[in-house]
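Participant: One structure, as structure tokens, below. Some questions next.
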Amino acid sequence: MTQKPTLFLVALLAILAPEAAVALEVDREVLPRITVGGRSVATLDAVDHDSSGADETEINVEDSAILMRFDKRLYENGVAGAVFGFKESEDQVEFHQFHAFYWDRDKAAAIGRMQLRNLLIEFPILRDEDLLEYTHVGNASSNIEFDQRYGELVSFDWFIDRRIQRLGVWGATRRNGPSVAGPDGIDTWGMGYVYEQPEDLQYVKWIRHAGIMLDRQKVTTGAGDEWMSAVIAGIEFNLNMNPQSNWSAAVQIIRNQGIDGITAADVAHGNANAVSNRARAAYTSVVASLRHTARPHLLTRYQGAVTVAWKEYSDIPDATQWSVAPGFVYRLGQGVDLLGQVRYTDYDAGLGGGSDTTVQLGIAFSLEARFNDNIGERDSILNLEHGYIK
């Protein structure tokens, strides 16, 4: 009698053992956190440009973009994921964000296509390219606007003081334009130190953002490849501590070593490679802004700002340009803004002379949504894009 239950259990286990083994191999895949964000920026641009007589009044949708981020916590520590993003640029859709990343409390790494580390301060202008010649270290191997801002990059950052300070190093490939001879492989490396307050402390600390960076870029010339260096330094700071009616200012300086042999004919308006040649020239650029943001009841409603910029090409006679760009943003609702800006640029004779004026009026719509948020950190995906209001 006692053997029958034993035999029965042995037979039952023999039947169920393979199924039990299969049961242990269940799919442990955890769905990632999904963040979707984007911005549509549309303006009516009325232009009067001496630098490009073919420019006409148009509807401008540059910098409109869609972004998607997928990330999850790892087994021991840290978060890893990927970002995919595309935007409208010069009447084409380009993947401007296409990279994988890792971060934890002490460090961060990323590899893929993303924004180059060739600027330090975001100024209160409607689009990055509005003052691109002043705010970014240019691409000496391309005349295409997209290539001045994006490339393939691998970066490592070490955080100090709860991520408020960071030290970084990076290597990159700036894309080569079709009409300019460019180097192969990794053509850029750099390093830098950045101090940046988190969003919730921006109105209670005097310094919002500051840093210094070195950008090294390989340039292909008729005599072979050579390296040029640019130093970027900047600071953004509060002028008062009232979050309901805040005044802030920012300054950024770029000193580009350039290469020898760039002439006035190379950088004149009519030269087909003027953009890349100006990136190769030795120059100093200074950009400064004054911003007022009104936040009644701590709800952002409107912003008024003016940005001024100056640039001098040191090896070319009579080659100075300057710009001024006053603008406003009025917030109609969450993520919906009315935009206006006037941009005026004056060129000395060494750059071709004349002036450019652009009047912009438009509207922007921004969105961000998270799904399956099992991570908790609230770093906005829209921080990957130019922020015209703060």
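Participant: Can you list the trypsin sites (Lys or Arg not before Pro) in segment 191-226 that are in a DSSP coil and have 15 or fewer other beta carbons within 10 angstrom?
Facilitator: K205
Participant: Also, quick follow-up: If the elastic network links every pair of Cα atoms under 10 Å, which of V204, V36, V308 fluctuates the most in the Gaussian network model of the chain?
Facilitator: Its mean-square fluctuation being the largest, the pick is V204.
Participant: Please work out how much length the chain gains when fully extended from A80 to V61, using 0.36 nm per residue of separation minus the C-alpha to C-alpha distance, in nm with one decimal.
Facilitator: 3.6 nm
Participant: Using only alpha carbon pairs under 8 Å that are at least six residues apart, calculate the relative contact order of the chain and give it in whole percent.
Facilitator: 16 percent
Participant: When only C-alpha pairs under 8 Å and at least 6 residues apart count, what is the relative contact order of segment 132-291, in percent?
Facilitator: Details: 364 pairs, mean separation 33.3, N = 160.
With pairs under 8 Å counted, the relative contact order is 21 percent.
Participant: If you don't mind, there's one more thing I want to ask. Net charge around I389, counting only other residues with Cβ within less than 13 Å of its Cβ (Lys, Arg = +1; Asp, Glu = -1)?
Facilitator: +3
Participant: Can you tell which of L126, L44, L153 shows the greatest fluctuation in a Gaussian network model of the chain with Cα springs below 10 Å?
Facilitator: In the Gaussian network model the winner is L44.
Participant: Answer rounded, prolate or oblate for segment 114-164, using the Cα gyration tensor with square roots of eigenvalues a ≥ b ≥ c: rounded when a/c is under 1.5, else prolate when a/b is larger than b/c, else oblate.
Facilitator: Oblate, since a/c reaches 1.5 and b/c is not below a/b.
Participant: Would you calculate the separation in nanometres between label points at L201 and S355, each defined as 7 Å from the Cα along the Cα-to-beta-carbon direction?
Facilitator: 4.4 nm
Participant: Just to be sure I understand, if you calculate Cα extents along the principal axes in Å for this structure, which of (1) 164, 57, 47; (2) 111, 59, 41; (3) 55, 50, 43 do you get?
Facilitator: (2)
Participant: Which one, T263, G333, T220, is farthest towards the positive end of the dipole of the chain when Lys and Arg carry +1 and Asp and Glu -1 on their Cβ?
Facilitator: Farthest towards the positive pole: G333.
Participant: Helix 3-24 versus the longest principal axis of the chain: what is the Cα-based angle in degrees, 0 to 90, to the nearest 10?
Facilitator: 10 degrees
Participant: Between D48 and S179, take the C-beta separation as r, use R0 = 25 Å, and let me know the FRET efficiency to the nearest 0.05.
Facilitator: Values: r = 27 Å, r/R0 = 1.08.
Once rounded, the FRET efficiency stands at 0.40.
Participant: Using DSSP to define loop residues, name the GluC sites (Glu not before Pro) in segment 27-87 whose beta-carbon has at most 16 other beta-carbon atoms within 10 Å.
Facilitator: Those that pass, being in a loop and sparsely packed, are E29, E56, E76.
Participant: Within the chain, what's the longest stretch lacking chymotrypsin sites (Phe, Trp or Tyr not before Pro) that sit in DSSP loops with no more than 11 other Cβ atoms inside 10 Å?
Facilitator: It runs 207-390.
Participant: At what distance in nm do the modelled label points of V30 and I186 sit from each other, each positioned 7 Å from its Cα along Cα→Cβ?
Facilitator: The modelled label-to-label distance comes out at 3.3 nm.
Participant: Where in segment 185-209 does the amide nitrogen come within less than 16 Å of the point 7 Å from the Cα of D161, taken along Cα to Cβ?
Facilitator: 193-209
Participant: Hand me the trypsin sites (Lys or Arg not before Pro) from segment 65-174 located in a DSSP loop with no more than 13 other Cβ atoms within 10 Å, in residue order please.
Facilitator: R105, R162
Here, each number is a calculation from the coordinates, and none is a lab measurement. Because the structure is a prediction, the values reported are computed rather than measured. Here Cβ is always computed from backbone atoms with ideal geometry, including for glycine, and neighbour counts include all displayed protein chains.
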